[in-house]
Amino acid sequence: MTTTAPPPTPARSAPTPGPTWWERFRGGSAWIVITTVAVIIAFWEFFPQTGLVNRVLFPTFSETVAAFVQLLGGGYWWDDLAKTMSAVAIAWVIGVAFGFTMGVVLGTSPFMRQAITPYAIAVQALPKVVLAPLLIGWLGFGPESKIALAVIICFFPVWIDTMVGLALPSANEFKLMKSLKASRWQVFTKLQLPSALPMIMVGVKHALLLAFTGVIVAEILSASDGGLGKLTKEFASQLNMGLVYSVVTIVVILSITLVSIADVIERRVVFWSEESRARRK
Amino acid sequence: MTTMTQTAPLVRVDGVTKRFGSGDKEMVALSGLNLEVREGEFLSLLGPSGCGKSTALNIMGGLLEATEGTVTFSGEQLTEPNRHIGMMFQQAVMFPWRTTLENVLLPVEIFGEKKKDFIPKAEELLEMVGIKDFRDSYPWQLSGGMQQRAALCRVLLHDPKLLLLDEPCGALDEFTRESMNQELLRLQDYAKSTAVLVTHNITEAVFMSDRVAVMSARPGRLVDIIEVPFDRPRRPDLQTTNDFIKLVAKARQMLELQ
Amino acid sequence: MAQIAVDSSPKKKNFLRSPYMLTIALLPIILAAWWLATTVTKSVPAILLPTPESVWIAFPRVLGADGFGDQVLRTLTEIAGGFALGASVGFFLGVLLSSSSRLRAAYLPFLSALEAIPTVILAPIIIAWIGFGIEGKILQAAIACFYAVFITTLSGLGLAEPNAVALMKSLRASKWQTMVKLRIPTALPVIFGGLQLGATTAIIGAIVSEFIGATGGLGYLMLRYRSSFDTAAYWVIIFLFLVIGLVVYLTIWYIEKRFVFWRRIEVTRPDLEKQ
């Protein structure tokens with residue numbers, strides 16, 4: 001469940017400070033980025049004007065920017081933003097707590113872990129979004145259905161990563177604890193939990209993204225309560241594509257921000273870990 | 001310098017310096033190395049870790065470029081890997097998705113030659129190192145020593161003039177290491193190739209070599225060259241003779257004096 | 001509860017005491033809990049979870065309904081098509097970016113953004129662009145699964161040991177030879193992880209896309225059953241999706257086992273001496 005950018009060269013053992021942002025910018029690839037962006041914008045601006053595509057569906061870049069400014073200036077989407085983000089936050093907290101508890105309860109004993117694995121695979125294989133219409137039907141169009149769906153979708157990686165993480169310490173590490181006559185609780189808090197933390201953090205980060213997805217799905221599917229998903233769908237059904245792209249841009253910015261925040265938290269919490277350690281199985 | 005043969009050296013390392021990084025992070029790995037490797041000899045580069053001996057070896061193999069200085073191989077300047085130079089690494093580097101034989105034949109594929117033509121030779125080599133029965137096994141079914149033997153076959157398949165050995169036995173246990181070293185000597189003699197071995201094991205260096213180049217750490221430079229006069233083939237009990245122990249002590253002293 | 005970890009004990013041959021006995025024992029417990037909650041205590045509303053019997057009874061009705069096979073086929077086509085498209089593009093871009101640090105530096109940030117974006121937000125756009133047809137579902141599924149395959153390919157291709165890379169270099173192997181003979185085989189176990197994840201997300205992409213607007217497919221069928229309050233039939237399709245998910249998972253797992261038989265690879269990465 002870990003997907004992170006690859007180290008192109010083997011990581012050095014000494015924590016040397018990486019190149020600064022500016023150094024990297026000058027490092028030779030900046031012009032590719034700038035050229036690419038320029039080409040995309042130029043294409044976006046001029047292609048719709050050729051009449052080869054439907055102008056309504058494909059507004060020009062400047063029209064989209066105008067719509068974006070209009071959206072930002074209008075201010076009415078603040079309410080939707082708040083609705084979406086609060087649902088994501090609540091669902092994330094519940095999902096993480098639930099997943100972590102499941103992982104600890106089912107993960108500390110190897111016997112239980114093995115017994116539960118087929119069910120874990122089944123839960124993983126089931127696309128949990130199939131429950132969305134049922135949850136909306138049951139809980140209505142309010143925030144509850146969004147939160148419920150997001151929790152169901154996002155608890156899973158936390159559960160699995162906790163379970164797998166608790167099994168990470170090696171036999172020798174367990175032997176060391178045993179030789180010290182550590183209690184079960186001590187083995188858990190002093191060995192298993194710290195060893196599992198890097199992996200759990202990956203799950204927690206993943207859960208944030210999934211909670212976001214869950215909330216957006218519920219918002220697009222349900223009819224009345226607000227939210228960014230709802231906004232997108234509404235604008236799309238009015239074929240106001242400039243506004244659709246604007247909302248999607250906001251969602252993209254939000255999600256990248258969320259991931260960056262999660263990354264920072266992860267690096268603070270598990271500063272001692274190497275990515276690779278968490279990937280050990 | 002003794003006067004064995006007056007032929008031109010196979011490899012000539014001329015004032016080679018290697019620096020990594022730049023500015024504050026610049027690190028001099030190798031400083032003004034001069035070295036001649038004679039045709040047919042077994043030469044060891046002995047030094048503590050971080051003395052740049054592996055760097056020197058990688059430059060001699062054309063894997064790394066020297067910051068300053070040149071390397072001449074067979075009278076020509078060396079700037080890239082050469083198919084007459086075979087390299088062995090600390091790990092056997094066996095691809096786990098290939099059988100032993102397929103691993104040995106890897107160079108044939110890379111060189112774009114016909115595999116069929118090389119199978120008899122590969123099998124002969126596998127037989128010589130005693131793992132012919134494992135030709136269709138996968139590397140993970142082999143012990144570390146067997147893997148390294150297979151790697152030896154791979155490197156000898158194209159009769160390299162020069163063997164560059166980067167602690168090929170470094171990852172093996174003491175017993176395996178000893179028999180593997182015997183194997184190396186035997187096959188080097190059989191293939192009539194020249195060998196350069198990188199090691200930080202003094203006994204190993206003295207036992208294997210005709211000459212031992214002792215290097216110092218940071219920045220890596222050559223301290224001195226010890227001539228090892230013992231006859232070949234060398235047997236393990238050589239290591240308990242007085243002359244041998246004296247040479248080892250001499251090498252150790254040189255390493256400690258720095 | 002069992003004593004903590006250290007699995008040093010010899011393998012127990014006694015199946016009755018193996019963990020899988022518990023796995024099997026849990027099944028009737030789960031069914032009983034379901035039955036209790038829906039039939040006896042009625043603590044779960046019927047519009048969310050119907051009784052086990054009603055779902056059981058609904059099975060032949062749903063599976064035998066007119067044109068059911070077509071709907072299944074349609075959804076499976078969307079999933080397979082989307083997966084094939086997204087995985088190939090992901091693999092191709094992964095190989096492309098891994099072969100040039102310039103391209104990586106320039107485009108990885110853009111492509112990494114896809115990790116963060118809930119791709120379902122694009123569904124309304126896709127529908128507006130190409131309508132409710134099957135093509136849109138395939139595109140949605142492809143977008144959903146692209147990233148997992150792309151990033152695992154990219155990171156997997158970087159996993160080749162420095163010594164193995166040095167060996168290839170010492171043999172003067174071309175970039176292409178190093179890619180085909182070393183990097184791709186090394187990356188395969190990781191890529192399969194990405195395919196596994198990608199397949200799951202492709203299924204999700206296809207379903208969500210059908211929920212949002214479709215003229216056919218299992219998602220469309222589910223919405224119809226829900227609006228007629230036929231929750232039992234709805235649950236039949238949920239189980240069907242569970243089966244689809246499991247079959248896809250096991251298929252990829254099996255292919256991986258056959259194809260990446262060398263998985264017992266030791267992961268050792270002593271760095272090339274840099275001094």
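Would you mind telling me the share, in percent, of accessible area of the stretch A:54-279 contributed by carbon and sulfur at probe 1.4 angstrom?
Reported share for carbon and sulfur atoms: 70 percent.
Can you list the residues, at least 5 places off or on another chain, whose amide H is less than 5 Å from the amide H of B:Val223, using H built in the peptide plane?
Answer set, sorted by chain and number: B:Val214, B:Met215, B:Ser216.
Considering Cα pairs under 8 angstrom that are at least six residues apart, work out the relative contact order of chain B and quote it in whole percent.
Reported relative contact order: 25 percent.
Mind checking which lysines have their Cα closer than 20 Å to the Cα of B:Lys114? Skip sequence neighbours fewer than 8 apart in that chain.
Of all the lysines, those that pass the test against B:Lys114 - Cα under 20 Å, at least 8 places apart if same chain - are C:Lys181.
Helix C:184-212: angle to the longest alpha-carbon principal axis of chain C, degrees 0 to 90, nearest 10?
The answer is roughly 30 degrees.
Could you state how much accessible area is buried at the B-C interface, both sides summed, with a 1.4 Å probe, in Å² to the nearest 100?
Separately minus together, B and C give about 2600 Å² buried.
Which of the aspartates and glutamates could a cross-linker bridge to C:Lys42, judged by Cα under 17 Å and excluding same-chain residues fewer than eight apart?
Leaving aside aspartates and glutamates fewer than 8 places away in the same chain, those within reach of C:Lys42 are C:Glu53.
With each run of n ≥ 4 DSSP H residues scored as -39500 (n - 2.57), what mean residue ellipticity at 222 nm is computed for chain A after dividing by its residue count and rounding to the nearest 500 deg cm²/dmol?
-23000 deg cm²/dmol
How many square angstrom of accessible surface are buried between A and C, both sides summed, with a 1.4 Å probe and rounding to 100?
That pair hides around 6100 Å² of surface in total.
Ordering A:Thr213, C:Thr251 by accessible area with a probe of 1.4 Å, largest first, what comes out?
Ranking A:Thr213, C:Thr251 by accessible area, largest first, yields C:Thr251, A:Thr213.
How large is ³J(HN,Hα) for each residue in the stretch C:40-56, as worked out from phi by the Karplus curve 6.51 cos²θ - 1.76 cosθ + 1.60 (θ = phi - 60°), to whole Hz, x for Gly and Pro?
8, 7, 6, 7, 10, x, 5, 6, 9, 9, x, 6, x, 4, 5, 5, 4
Using only alpha carbon pairs under 8 Å that are at least six residues apart, calculate the relative contact order of the stretch A:54-279 and give it in whole percent.
Reported as a whole number, the value is 30 percent.
Got a sec? What order do B:Arg252, B:Arg38 fall in by accessible area at 1.4 Å, biggest, i.e. largest, first?
Highest to lowest solvent-accessible surface, that is B:Arg252, B:Arg38.
Can you grab the distance from the C-alpha centre of the stretch B:174-225 to the C-alpha centre of the stretch B:70-126, Å, no decimals?
One Cα centre to the other: 21 Å.
Just order C:114-125, C:30-41, C:93-104 by mean Cβ neighbour count inside 10 Å, highest at the front, would you?
Highest to lowest by the protection proxy: C:114-125, C:93-104, C:30-41.
Can you give the net charge of the other residues whose Cβ lies under 13 Å from the Cβ of A:Ile153, counting K and R as +1 and D and E as -1?
So the surrounding residues net to +2.
Residues of the stretch C:113-129 with accessible area at least 40 Å² lower in the all-protein-chain context than alone (1.4 Å probe)?
C:Glu115, C:Ala116, C:Ile117, C:Pro118, C:Val120, C:Ile121, C:Pro124, C:Ile125, C:Ala128, C:Trp129
On the accessible surface of the stretch B:11-257, probed at 1.4 Å, how many percent belong to carbon and sulfur atoms?
That fraction is 46 percent.
Can you tell me which aspartates and glutamates have their Cα less than 18 Å from the Cα of C:Lys137? Leave out same-chain residues fewer than eight positions away.
Partners found: C:Asp70, C:Glu78, C:Glu210.
Using a 1.4 Å probe on the protein chains only, how many percent of the accessible area of the stretch C:14-139 belongs to carbon and sulfur?
Answer for the stretch C:14-139: carbon and sulfur cover 76 percent of the accessible area.
Report A:Phe141's accessible area, 1.4 Å probe, all protein chains in place, as a number in Å² to the nearest 10.
Probe radius 1.4 Å; accessible area of A:Phe141 about 90 Å².
Which of the residue pairs B:Lys121/B:Lys192; B:Lys18/B:Lys192; A:Lys83/A:Lys230; A:Lys146/A:Lys233 have a Cα-Cα distance greater than 19 Å in the structure shown?
Pairs exceeding 19 Å: B:Lys18/B:Lys192.
Hey, can you rank A:45-51, A:111-117 by average C-beta count inside 10 Å, highest first?
Top to bottom by mean Cβ count within 10 Å: A:111-117, A:45-51.
When the Karplus curve 6.51 cos²θ - 1.76 cosθ + 1.60 is applied with θ = phi - 60°, which whole-Hz ³J(HN,Hα) does each residue of the stretch A:133-149 get, with x for Gly and Pro?
Along the stretch A:133-149, the couplings run x, 5, 5, 5, x, 7, 8, x, 8, x, x, 4, 5, 4, 4, 4, 4 Hz.
With the other protein chains left in place, how much accessible area per residue, in square angstrom, belongs to the protein assembly as shown at a 1.4 angstrom probe?
Result: 47 Å² of accessible area for each residue.
Given H placed 1.01 Å from N in the peptide plane, which residues other than close sequence neighbours of B:Ala29 have an amide H under 5 Å from its amide H?
Placed amide hydrogens put B:Lys18, B:Arg19, B:Phe20 under 5 Å from B:Ala29.
Please state the relative contact order of the stretch C:68-259 as a whole percent: Cα pairs under 8 Å, 6+ residues apart?
Contact order relative to length: 29 percent.
Short version: ³J(HN,Hα) in whole Hz for each residue of the stretch B:35-41, in order, from phi by Karplus 6.51 cos²θ - 1.76 cosθ + 1.60 (θ = phi - 60°), x for Gly and Pro, what are they?
3J(HN,Hα) across the stretch B:35-41, in whole Hz: 7, 10, 10, 7, 4, x, 8.
For chain B, take the longest principal axis of its alpha carbons; what is the angle in degrees between that and the long axis of helix B:119-128, to the nearest 10 within 0 to 90?
60 degrees
Considering amide H positions built from the backbone, and no H for Pro or chain starts, which residues 5 or more places from B:Glu41, or on another chain, come under 5 Å of its amide H?
Residues meeting the amide H criterion: B:Ala195.
The values are calculated or read from the model by the stated rules, or taken from the named source; none is laboratory data. Only a predicted model underlies this, so the values are computations on that prediction, with no experimental measurement involved. Ideal geometry is used to build each Cβ from the backbone, glycine not excepted, and the neighbour counts take in all protein chains shown. The protein model used for the area step is the full one, side chains on, heavy atoms only, and it has no ligands, DNA or RNA in it. Shrake-Rupley method; radii C 1.70, N 1.55, O 1.52, S 1.80 Å.
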